[in-house]
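Working notes, structure below.
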Amino acid sequence: MLHREASLKPSPPAARLTKCPTGIQGLDEITGGGLPRGRSTLVCGGPGCGKTLLAAEFLVRGAVRFGEPGVFMSFEETETELKGNVALLGFDLPGLIRQRKLLLDHVYIERREIQETGEYDLEGLFVRLNHAIDSIHAKRVVLDTLEALFAGLPNDAILRAELRRLFRWLKDKGVTAIITGERGREHLTRHGLEEYVSDCVVVLDHRIHEQIATRHLRVVKYRGSQHGTNEYPFLIGEDGISVLPITSLGLDHAASSERISTGITRLDAMLGGKGFFRGSSILLTGTPGTGKTSAAAYFAQAAARRGERALFFAFEESPRQIMRNMRSIGLRLEPWVKRDLLHFHSARPTLYGLEMHLATMYKEIETFNPAVVVLDPMTSLLVAGSESETKSMVTRLIDYLKSKEISSLFTSLTHAGNPLQQSEITISSLMDSWLLLQDIEGNGERNRVLYVLKARGMAHSNQSREFLISHRGIDLVDAYIGPGGVLTGAARAAQTAKDKARLLAGRQEAARSARELERKRDALERRIAVMRSEYEAEKEEFRRSHEQVATRTRVVTADRTQLASLRHADVEKSAGKRSNPTAGKRKR
Amino acid sequence: MTPRKAKARKSGFNAQPLNVWRLRLYVAGQTPRSLTAFANLKRICETHLKGRYRIEVIDLVEQPQLSKGDQILAIPTLVRKLPQPMRKIIGDLSDTESVLVGLDLSPPPPPQLDHG
């Protein structure tokens, strides 16, 4: 195989396989453009898996969309039956037949009527097919359950030789053909048709797993071309087949750095003030009754408010029920539904298999073209499939949403007592952000707490917030985090009150001591004033006594002078000397 | 291969018109197998249905649209249009026994053989 591929590459482009688009949703993506042009493709599968329909759609799309007329040679159903069957899918065969874009030919063969007498070949079939192809210049041919020939014709050896010749002939004719075959027990087809059709083999399958049936399509072989090898679920809807194109062969989706609001201001604040990245996937887990749906509804409503479209997949509640419930928390969703910005899609998870769910979601998304998708709750899907299947389905859904830059919010129910990390581990790794809603029980009440467990590529708060739901809506409140742990609800309120009281007491205490100090200072100042006045009094006393002394001295001196003059003693000098020292000095 | 010639050979057609066997042989071109089939058919008819048969040869290469009417796939195919019910015999008719069974002519009545 490797060798073949290596030798294929350098070959001139002329040798390259051209492809014939089927026009069937998804199939062209898996096959990288369609079926091999000018060659035959074998489509095999069990009864009721959609072979005939796929083949018919191939022709109808070819005739309508690609201008390639087609011949449908049926070995089982009559023209009338066929017209009726595909009319249900909106294909107007009679119209196409009138326009000579399509030709139906029912080949009827009944073994009872046939007696074999010697050698023969199937030239009649060739002539008939050739005539049909030429009459409308067909480019596409369908041989629906060619294996009916094995039932109708007795000689296997001749039949096999003729089939080989038929496929070669078809190739020479240059038509792109689909040959359908009934699935066999050991081989892909009951009569080993895959032996002859070697260019492309597609297997259809209709499996039932736990009472839920899902159709699958797989390209088993595609010579000379790359193709998706997985089993792809497909769906037969009102407008034909759609194969789920969730090929997601690579992780190469664009990553927007635009942020979108969650609809809850405080939650935005916890996420760096801006909310989630556009196109990111958000997981919201929580135990029952923690407000997952409410938060999801906020998210959807925020999108609608921005004028974007939001698609809400509900697996547990009907749209009306959700709207009624949201009204009770002050969230009115009806106007957005009326304005076609919000669309609900409700389905019971057990209604059909996972793949069908995925297919339905895919179709809804394709038609509604939303910017935001909510899945509530994702865990319900586990009912429809196993955990690994659900994971693969969600992976494909996320990939698909990301490739379209659709932001998605998945709610997930966790059961009380079940360690969160354990039950979510398979899914959480796919998610860009993970919000956790939790019940905290205590003091005879339950309170909701929200954490941001992870938020890829953005700063986010590591705090838990109390998640309050009231008739005014959702609010996030700082939970009390203290030495006593995280407190919420009444306990938080009580603790806050206690704190307030303590604070008040402290404040009063401080004020009291301030007043005390003031008083002390006043007392001190008063004392200082007293002491100062005492001092002043003493000072006054001292001055006064000093003056008395001076006065007395003056008086004594004067008396003495008077006395001396009275005595006429030689006191003038001395008197002068005493009373006027300068005069005395001068005299000396 | 000449259909006209085959039609011309209708001895006894007027004698017993109700019992006439209408046989139609489908071929695709004048292949050796077609010629063998025609020769075999004529021989058998001459032996068992002398004067009571009419063979129509249809060449699908010339008239491909006719293959649909009798649901012809195998070549050569002999169709017994009359008497009813319709029967189909495929192959070059070399196995006479089978042809007789297929045409519901078996067992061949020995007295007729003697007369013929």
Report summary line: Sorted by chain and number, the residues with a modelled amide H under 5 Å from that of A:Cys200, at a separation of 5 or more or across chains, are A:Leu42, A:Arg223
Query - Potential lengthening between A:Lys171 and A:Arg98 on full extension [0.36 nm per residue; Cα-Cα distance subtracted] - result: 23.5 nm
Report summary line: Within the range B:42-76, DSSP-loop GluC sites (Glu not before Pro) with at most 14 other C-beta atoms within 10 Å are B:Glu62
Requested in this report: Any of A:Lys173/B:Lys88; A:Lys19/A:Lys51; A:Lys83/A:Lys404; A:Lys292/A:Lys500; A:Lys292/A:Lys454 with alpha carbons more than 26 Å apart? Name them for me.
Outcome: A:Lys173/B:Lys88; A:Lys83/A:Lys404; A:Lys292/A:Lys500
Report summary line: Those GluC sites (Glu not before Pro) from the range A:44-137 that are DSSP loop and have at most 12 other Cβ neighbours within 10 Å turn out to be A:Glu110
Report task. Run through all the Cα pairs of chain A and give the fraction in each 10 Å bin from 0, expressed as whole percent. Result -> 3, 13, 17, 14, 11, 9, 6, 4, 3, 2, 3, 3, 3, 2, 2, 2, 1, 1, 0, 0, 0
Query raised in the report: Helix A:489-567 sits at what angle to the longest principal axis of chain A, using alpha carbons and giving 0 to 90 degrees rounded to 10?
Result: 20 degrees
Query - Spacing of the two label points (7 Å from each Cα toward its C-beta) at A:Glu334 and A:Gln508, in nm - result: 5.4 nm
**Report entry** Dimensionless Rg ratio for the range A:74-187, taking C-alpha atoms and the 2.2 N^0.38 Å reference
**Finding:** 1.14
Report summary line: Expected vector for the range A:317-326, Karplus 3J(HN,Hα) from phi with 6.51, -1.76, 1.60 and θ = phi - 60°, integer Hz, x for Gly and Pro, equals 10, 7, x, 5, 5, 4, 5, 5, 5, 6
Query raised in the report: Quick one: Karplus J couplings for the range B:63-68, per residue in order, coefficients 6.51, -1.76, 1.60, θ = phi - 60°, nearest Hz, x for Gly and Pro?
Result: 10, x, 5, 7, 5, 6
Query raised in the report: Alpha carbon centre of the range A:94-163 versus the range A:249-299: separation in Å?
Result: 59 Å
Query - Per-residue ³J(HN,Hα) for the range A:124-133, Karplus 6.51 cos²θ - 1.76 cosθ + 1.60, θ = phi - 60°, Hz, x for Gly and Pro - result: x, 5, 4, 4, 5, 5, 4, 5, 4, 5
Query raised in the report: Leaving out same-chain residues fewer than 8 places away, which aspartates and glutamates sit with a Cα under 14 Å from that of A:Lys274?
Result: A:Glu258
Report task. Using only Cα atoms, tell me the angle between helix A:354-368 and the longest principal axis of chain A; keep it within 0 to 90° and round to the nearest 10. Result -> 70 degrees
Requested in this report: Using only atoms on other chains, find how many Cβ atoms lie within 10 Å of each Cβ of peptide B:76-89 and report the average.
Outcome: 3
Report task. Would you mind checking which residues have amide H under 5 Å from A:His216's amide H? H placed 1.01 Å from N; only 5 or more apart, or other chain. Result -> A:Asp205, A:His206, A:Arg207, A:Phe234
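Given a Förster distance of 35 angstrom, what is the FRET efficiency for A:Arg472 paired with A:Glu387, based on the Cβ-Cβ distance and rounded to 0.05?
Efficiency for this residue pair is about 0.35.
Can you pull out the trypsin sites (Lys or Arg not before Pro) in the range A:428-475 that DSSP calls coil and that have at most 10 other Cβ atoms within 10 Å?
Answer by residue number: A:Arg472.
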Report summary line: Scoring only Lys, Arg, Asp and Glu (+1, +1, -1, -1) among other residues with Cβ under 15 Å from the Cβ of A:Gly489 yields -1
Query raised in the report: Under a 5 Å amide H to amide H cut-off, with H placed in plane at 1.01 Å, what residues pair with A:Ile440 once short-range neighbours are removed?
Result: A:Asn447, A:Arg448, A:Val449
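Taken together, the values in this text are just the output of simple stated rules run on the coordinates, not laboratory data. Keep in mind that what you see is a predicted model, and the values were worked out from it rather than measured. Please note: Cβ atoms are built from the backbone with ideal geometry, for glycine as well, and neighbour counts cover all protein chains shown.
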